[in-house]
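*Asks:* Let me give you the structure first, and then I'll get to my questions.
The values are calculated or read from the model by the stated rules, or taken from the named source; none is laboratory data. Values in this document were obtained by computation on a predicted structure and should not be read as measured data. Glycine gets a Cβ as well: all are built from the backbone with ideal geometry, and neighbour counts include every protein chain shown. We work out accessible area using only protein heavy atoms, side chains counted, and drop any ligands, DNA or RNA first. Shrake-Rupley method; radii C 1.70, N 1.55, O 1.52, S 1.80 Å.
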Amino acid sequence: MYSAAAATVAAPPRRDFISVTLSPEEAVGAGGYNNSKAWRRRSCWRKWKQLSRLQRSVILFLFAFLAVCGVVSYTSMGEPWKSLINKSLDDQRTEPGIPGLKLANPAVLPAPQKADANLGDYPELSQQKLPKPPHVRRGPSNLQIKPPRRDVRLKTRHGTSRVVEEPVQADKEDKTEKSVISWRGAVIEPDQSTEPPSSKIKEPEKPSSVEDADQKEPVAINERQMAVIEAFRHAWKGYKDFAWGHDELKPLSKSYSEWFGLGLTLVDALDTMWILGLKEEFEEARKWVANDLVFDKNVDVNLFESTIRILGGLLSTYHLSGDSLFLEKAKEIGNRLMPAFKTPSKIPYSDVNIGRGTAHPPRWTSDSTVAEVTSIQLEFRELSRLSGDEKFQKAVDEVMKHVHTLSGKNDGLVPMFINTNSGQFTHLGVYTLGARADSYYEYLLKQWIQGGKKENELLEDYMRAIEGVKKHLLKRSQPKKLTFVGELAHGHFSAKMDHLVCFLPGTLALGAHNGLTADHMKLAEALIETCYQMYAQVETGLSPEIVHFNLHAQKGHKDVEIKPADRHNLLRPETVESLFYMYRFTGDKKYQDWGWEILQNFNKYTRVPTGGYTSINNVQNPSNPEPRDKMESFFLGETLKYMFLLFSDDIDLINLDKYVFNTEAHPLPIWAPA
């Protein structure tokens with residue numbers, strides 16, 4: 001027993017593990033773990049084979065499902081991500097607002113040259129040779145105007161500080177263009193993109209002020225321009241003394257008349273003062289706009305007149321000065337005019353109560369005039385671009401698209417009236433380029449130019465209408481064979497021509513300048529001669545409101561005949577407007593000379609000594625032209641502005657490749673380079 005126990009105790013302890021030592025080469029050779037890709041693949045495969053068939057099927061199904069979800073997610077999210085990336089890039093090189101549109105011109109013009117503050121009375125100007133003014137800054141430099149959301153960079157050139165803008169970098173993406181438009185010899189290539197300007201507005205336009213590498217030395221103000229400045233100051237004196245803050249001056253009675261109660265003359269003249277360099281007058285007017293221009297009032301305004309004069313004037317002044325005050329006022333009046341479009345046909349009513357937010361047609365009819373509903377587009381489209389709100393452009397674009405589709409036209413010529421309920425033309429068979437239809441044709445071309453020459457329907461309607469004018473309304477008078485535009489009523493031609501029609505030579509010249517057929521310029525040259533003769537053949541050298549032309553030679557008769565009811569003159573701008581375009585595009589000095597004659601006759605027969613100018617009742621009586629005691633707002637807003645531009649040799653003073661004038665002579669930017 002002891003021996004066995006002793007033997008048991010003496011035995012070495014039992015070990016329940018073994019130790020094996022292998023060299024690295026032996027381990028690899030034996031197929032051990034070495035973290036290689038091949039070893040991992042074999043290990044995964046063994047694990048996979050150990051799974052049941054059901055488990056493997058479930059895993060394969062999950063992988064397939066995730067793959068399908070990935071494809072669907074990529075498809076749905078790819079475009080938004082791409083748009084987001086493109087948008088961030090476009091923000092650096094395009095003008096926000098209407099997508100794809102690039103602002104071709106500076107949002108802030110170089111301020112106009114300062115006028116001589118000590119200029120004498122007008123009669124002394126014709127005898128005085130004015131010294132060439134030094135290189136001065138145009139416009140009111142001391143107003144401390146700060147453009148909204150704008151980084152202004154000042155550039156010093158020849159010691160003068162000026163606010164200028166760098167050219168916007170053009171979009172360099174290759175785009176497929178539509179076929180060129182060909183119309184009776186005119187070949188027009190769409191600019192850059194073939195898509196029409198979109199009415200979708202994603203964010204407000206933010207104008208920028210940067211350097212313009214091609215900025216030129218400003219041209220000095222000349223003697224004739226000084227005469228225009230003196231005329232403006234004389235008119236402004238009368239308005240300031242007797243009608244300040246009211247719509248229109250009555251210079252003879254030294255009082256005023258109200259139409260809308262919105263300071264119509266003052267707002268209409270804002271950009272004229274800026275262009276003429278009248279800084280003190282501009283500053284005074286700006287203060288009135290800031291403190292006293294109130295739209296929240298119970299008053300009916302005409303949609304067309306308030307759009308072209310007030311909205312157009314505010315937008316133009318904003319672009320010229322960069323002062324956000326004018327943009328904010330433009331947004332307010334624009335919103336208050338929108339109820340006019342709440343009609344069954346979307347053709348707007350003629351009148352809006354801007355305080356109550358209601359609109360209605362005239363008391364005697366449910367019609368609006370065609371010119372009124374189709375000549376508000378430049379302003380509302382620009383308001384959308386600046387504000388980022390698409391509703392303004394959408395409303396006026398719908399009107400143009402609707403009119404484009406209507407029947408009742410005669411080779412592109414439209415009737416004068418359109419019904420706001422049915423949306424159809426009324427009073428069919430009467431066609432004119434005068435009152436109630438004139439600016440329809442003007443805005444067809446100008447909208448096409450404003451939008452970068454991309455909206456082909458507008459161009460087609462314009463070209464067709466000019467062909468209609470040639471076919472139905474164009475005749476020659478006797479004895480001088482003056483080319484004129486008459487009227488057509490139910491197939492009967494009338495040799496009647498409104499002074500309003502004298503917008504046409506300038507519009508034709510503008511179209512030719514923008515690439516339309518050359519015979520438009522030839523027609524413009526013939527028609528501007530006629531418009532000048534409407535002044536030259538009259539005793540006072542001033543045109544009546546309406547003339548009738550002699551179609552047959554009669555001894556002792558001139559080309560122009562004037563009826564007693566038509567012999568008034570309202571200080572209208574249309575002939576001077578066309579003279580400006582003709583001189584700007586041809587350089588022919590005779591157009592400046594004709595304009596100078598007209599200005600001298602305005603001074604001779606319509607100037608009121610105590611301040612202001614007046615319309616007259618009788619252009620055929622130099623000894624007593626019968627003053628009417630009213631100075632229309634467009635005399636300051638249009639007539640004198642076009643006079644000043646006509647006498648200027650500076651093509652960059654409102655460059656017509658960068659700006660388009662609305663029908664009240666307020667320049668608005670062209671959205672893409674021409």
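*Asks:* Please specify each residue of segment 629-674 satisfying the condition of being small (Gly, Ala, Ser) and under 30 Å from TYR605 (Cα atoms).
*Replies:* Within segment 629-674, SER633, GLY637, SER648, ALA665 meet the criteria.
*Asks:* Further question on the same structure: Looking at segment 473-495, I want the residues that are farther than 22 Å from LYS522 by Cβ and have a partner that is part of a strand (DSSP E or B) and open to solvent by 40 Å² or more (accessible area, probe 1.4 Å) with Cβ atoms under 7 Å, at least 6 apart or on another chain. Which pairs are those?
*Replies:* Close Cβ pairs (under 7 Å, with a partner that is part of a strand (DSSP E or B) and open to solvent by 40 Å² or more (accessible area, probe 1.4 Å)) amount to GLU487/LYS496.
*Asks:* Quick check: is even one residue across segment 654-665 open to solvent by 50 Å² or more (accessible area, probe 1.4 Å), basic (Lys, Arg) and in contact with a His (Cβ under 9 Å, 6 or more places away or on another chain)?
*Replies:* no
*Asks:* What number of residues in segment 578-607 are under 20 Å from LYS522 (Cβ atoms) and either part of a helix (DSSP H, G or I) or of a type in the set (Ser, Thr, Tyr) (or both)?
*Replies:* Residues in segment 578-607 being under 20 Å from LYS522 (Cβ atoms) and either part of a helix (DSSP H, G or I) or of a type in the set (Ser, Thr, Tyr) (or both): 13 in total.
*Asks:* A follow-up question, please. For segment 534-548, how many residues meet the condition of being open to solvent by less than 20 Å² (accessible area, probe 1.4 Å) and assigned to a helix (DSSP H, G or I)?
*Replies:* Adding up the residues that qualify gives 2.
*Asks:* Report, ordered by the first and then the second residue, all pairs with beta carbons closer than 9 Å, sequence separation of six or more or different chains, a first member in segment 435-450 that is farther than 26 Å from VAL547 by Cα, and a second member that is part of a loop (DSSP other than H, G, I, E, B) and of a type in the set (Phe, Trp, Tyr).
*Replies:* GLN450/TRP671
*Asks:* Could you please find all residues in segment 241-275 being free of Cβ contacts under 8 Å to residues at least 60 places away in the same chain and either under 13 Å from GLY612 (Cα atoms) or in a strand (DSSP E or B) (or both)?
*Replies:* The answer is ALA243, TRP244, SER255, TYR256.
*Asks:* Further question: So which residues in segment 516-533 are farther than 14 Å from ARG476 by Cβ, among the hydrophobic types (A, V, I, L, M, F, W, C) and not in a loop (DSSP other than H, G, I, E, B)?
*Replies:* Listed by number, the residues that qualify are MET521, ALA524, ILE528, CYS531.
*Asks:* Then there is this: Looking at ASP519, ASP498, ASP566 in this structure, which one is out of contact with any Pro (no Cβ under 7 Å at 6 or more places or on another chain), closer than 25 Å to GLU597 by Cα and not small (Gly, Ala, Ser)?
*Replies:* ASP498
*Asks:* Next question. Kindly state which helices (runs of 4 or more DSSP H) lie completely within segment 403-514 and contain at least 2 residues that are within 30 Å of PRO362 (Cβ to Cβ) and open to solvent by 10 Å² or more (accessible area, probe 1.4 Å).
*Replies:* Counting at least 2 such residues, we get 456-468.
*Asks:* Among (1) in contact with a strand residue (DSSP E or B) (Cβ under 9 Å, 6 or more places away or on another chain); (2) touching a residue at least 40 places away in the same chain (Cβ under 8 Å); (3) open to solvent by 10 Å² or more (accessible area, probe 1.4 Å); (4) more than 23 Å from ILE275 (Cβ to Cβ), there is one condition ILE616 misses while meeting the rest; what is its number?
*Replies:* (3)
*Asks:* Give just the number: which of (1) over 20 Å from GLU664 (Cα atoms); (2) of a type outside the set (Val, Ile, Thr); (3) assigned to a loop (DSSP other than H, G, I, E, B); (4) open to solvent by 30 Å² or more (accessible area, probe 1.4 Å) does ALA220 not satisfy?
*Replies:* The single condition ALA220 does not satisfy is (4).
*Asks:* Do we have LEU551 as within 20 Å of SER633 (Cα to Cα) and in a loop (DSSP other than H, G, I, E, B) here?
*Replies:* Here the answer is no, as LEU551 does not meet what is asked.
*Asks:* When you go through (1) touching a residue at least 40 places away in the same chain (Cβ under 8 Å); (2) over 20 Å from TYR443 (Cβ atoms) one by one for GLU328, which number turns out not to apply?
*Replies:* Only one criterion is unmet by GLU328, namely (1).
*Asks:* Out of the residues in segment 619-636 meeting the condition of being in contact with a strand residue (DSSP E or B) (Cβ under 9 Å, 6 or more places away or on another chain), open to solvent by less than 60 Å² (accessible area, probe 1.4 Å) and assigned to a loop (DSSP other than H, G, I, E, B), tell me which one is nearest to GLU539 (Cα to Cα).
*Replies:* Checking each candidate, the answer is VAL619.
*Asks:* On to the next question. Looking at (1) over 30 Å from GLY322 (Cβ atoms); (2) touching a Leu at 6+ places or on another chain (Cβ under 7 Å), which is the one condition that is false for THR426?
*Replies:* The failed condition is (2).
*Asks:* Are there helices (runs of 4 or more DSSP H) fully within segment 276-379 with at least 1 residues that are open to solvent by 30 Å² or more (accessible area, probe 1.4 Å) and touching a helix residue (DSSP H, G or I) at 6+ places or on another chain (Cβ under 9 Å)? List them.
*Replies:* 279-292, 303-306, 324-337, 370-373
*Asks:* Could you please find all residues in segment 588-613 being buried (at least 20 other Cβ atoms within 10 Å of the Cβ) and either among the basic types (Lys, Arg) or in contact with a strand residue (DSSP E or B) (Cβ under 7 Å, 6 or more places away or on another chain) (or both)?
*Replies:* Within segment 588-613, PHE602, TYR605, THR606, GLY612, TYR613 meet the criteria.
*Asks:* Further, regarding this structure: Quick one: in segment 386-402, of everything that is of a type in the set (A, V, I, L, M) and without any contact (Cβ under 8 Å) to a residue 60 or more places away in the chain, which residue is surrounded by the most Cβ atoms within 10 Å (Cβ to Cβ)?
*Replies:* VAL396
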